[in-house]
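Notes to accompany the following structure.
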Amino acid sequence: MKIAIITFFDNGNYGSELQTLAMNDYLNAKGHVTVFCKVKSSNKIIRAIELLYDKVLLKWYKITDKEKRQYLTDRAKNLSSQRNIPPKLRQYIHSFVNSHISFGCISRLLLFRKERFDAYICGSDQIWNPNWARRRCFLEFVPDEINKVIYAASLGCESMSKEQKAQFEPRIERLQYVSVREQSGKAILDSFIKDKDIKVVLDPTLLLLPEDWNNIVVDPKEKGYVFTYFLGKYDDKIEYINEFAKRKGLKIINIPFASGEKNDDVCFGDLQIKDADPGEFIGLIKNAEYIFTDSFHACVFSVLFKKEFYAFQRDNSKRMQGRINTLLHNFNLPDRFIEVGIDLDMVSSIDYQNNDMIQESLRKDSLAFLLESINDESNLVK
């Protein structure tokens, strides 16, 4: 089959790139041909149209002033974060992704429909965040006679307004298969989508096994270290992590400024790595003694490589917590969510032997959903 996949990638974020690579590698291994299209076009003309679209979007959606402010705030933060990604890191990630996957152009799908595909998948990541979800993320442009699949969508929010639900409902009704990444997302959608069996599935990065990821891992030269990777501010955690590393007799390797914000941590860590590519990023996790993070995907790879890790809530934001909550709940690891001040010597080591069985069961269910959805023809309009 020839499958078009629409998602976020090539934006300087490790998680986005690696979930894209995982979906590509798994489907290719099953004999499918994949073409990835960015949610946001790289075509300058289309981008100009999208900027105009943003300006009139708020009128079209008839949202409240509060929601308008939230949308504009999130949009500004996203653009600011993108601008502040170190150029060398952006170059590393861009070349890495380009060497591994086949790209298409979203404008061809939306305007000209020159490509013919057997199925369309949208996901994973925050493709359904109501503050910036685009119509293309509901595959509205795909003909009725072709399978439309939403895989591991994330809403990235705690709740939706009445107006947002009214916008989502008719778009979701047209989709044959819908799955989300977080339990909180399923709860929100189930509250107003009544005739869809919405599944909770694994992030694409968890569809692959450690041996699959080993094909791209670059092992660091350093040994015996604590690895830290934060997407939000972590000034208040520095002393806590330093004391832990000192007790263990380990140095700290840190990837700083992941969110593009200049915190007061310019000197945090014995070694700072500002230009690691995705393979090096995984290698730093794989070879660490301990990991401290607020990143969902850093937690994912910690689980895959059976590491001792600790997750913090990001910037005291419950909105960003759902994905890690679901991960830790699914894998029976609730004590991995910590706060500054917790005595980590009282936290038991992870029983990965039991965890392996849980992973295998969840992976089997998620793969069954994915493969069934792209091959099923029973719900299509002929």
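Looking only at segment 123-153, residues that are within 15 Å of Thr7 (Cβ to Cβ), at pLDDT below 85 and in a loop (DSSP other than H, G, I, E, B) come to 3 in all. Looking across Leu333, Leu344, one residue alone is aliphatic (A, V, I, L, M), in the same structural domain as Ile241 (by TED's automatic domain parsing), under 28 Å from Glu243 (Cα atoms) and free of Cβ contacts under 8 Å to residues at least 60 places away in the same chain. It is Leu333. Each residue in segment 173-192 was checked for being surrounded by fewer than 18 Cβ atoms within 10 Å (Cβ to Cβ) and free of Cβ contacts under 8 Å to residues at least 40 places away in the same chain, and 6 of them qualify.
Being acidic (Asp, Glu) and out of contact with any helix residue (DSSP H, G or I) (no Cβ under 8 Å at 6 or more places or on another chain) is the filter here; which residues of segment 209-253 pass it? Outline the logic, then answer.
Filtering segment 209-253 for residues acidic (Asp, Glu) gives 211-212, 219, 222, 235-236, 239, 243.
Within segment 209-253, Glu211, Glu222, Asp235, Asp236, Glu239, Glu243 meet the criteria.
Collect the residues in segment 285-309 that are out of contact with any helix residue (DSSP H, G or I) (no Cβ under 6 Å at 6 or more places or on another chain) and farther than 19 Å from Ile241 by Cβ, keeping them in residue-number order. Lys286, Val303 - these are the residues of segment 285-309 that are out of contact with any helix residue (DSSP H, G or I) (no Cβ under 6 Å at 6 or more places or on another chain) and farther than 19 Å from Ile241 by Cβ.
Table: residues versus (1) modelled with pLDDT of 95 or more; (2) farther than 30 Å from Ser184 by Cα; (3) outside the structural domain of Glu158 (by TED's automatic domain parsing); (4) outside any helix (DSSP H, G or I).
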site	(1), (2), (3), (4)
Val226	yes, yes, yes, yes
Asn242	yes, yes, yes, no
Lys246	yes, yes, yes, no
Glu280	no, yes, yes, no
Ile285	yes, no, yes, no
Ala288	yes, yes, yes, yes
Arg323	no, no, yes, no
Thr326	no, no, yes, no
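The set of residues from segment 1-53 being at pLDDT 80 or above and assigned to a loop (DSSP other than H, G, I, E, B) comprises Met1, Lys30, Gly31, His32. When Phe292, Phe301, Phe296, Phe309 are checked against the criterion of being surrounded by 15 or more Cβ atoms within 10 Å (Cβ to Cβ), in contact with a Cys (Cβ under 9 Å, 6 or more places away or on another chain), of a type in the set (Phe, Trp, Tyr) and under 17 Å from Phe230 (Cα atoms), Phe309 stands alone in meeting it. If you go through segment 18-37 and keep only what is surrounded by fewer than 16 Cβ atoms within 10 Å (Cβ to Cβ) and at negative phi, you end up with Asn28, Ala29, Lys30, Val33.
Of all the criteria given as (1) of a type outside the set (Gly, Ala, Ser); (2) surrounded by fewer than 13 Cβ atoms within 10 Å (Cβ to Cβ); (3) modelled with pLDDT under 95, the one not satisfied by Ile358 is (2).
The values are calculated or read from the model by the stated rules, or taken from the named source; none is laboratory data. It should be emphasised that the depicted structure is a prediction, and the values quoted were computed from it without experimental measurement. No Cβ is skipped: glycine too gets one built from the backbone with ideal geometry, and neighbour counts run over all protein chains shown.
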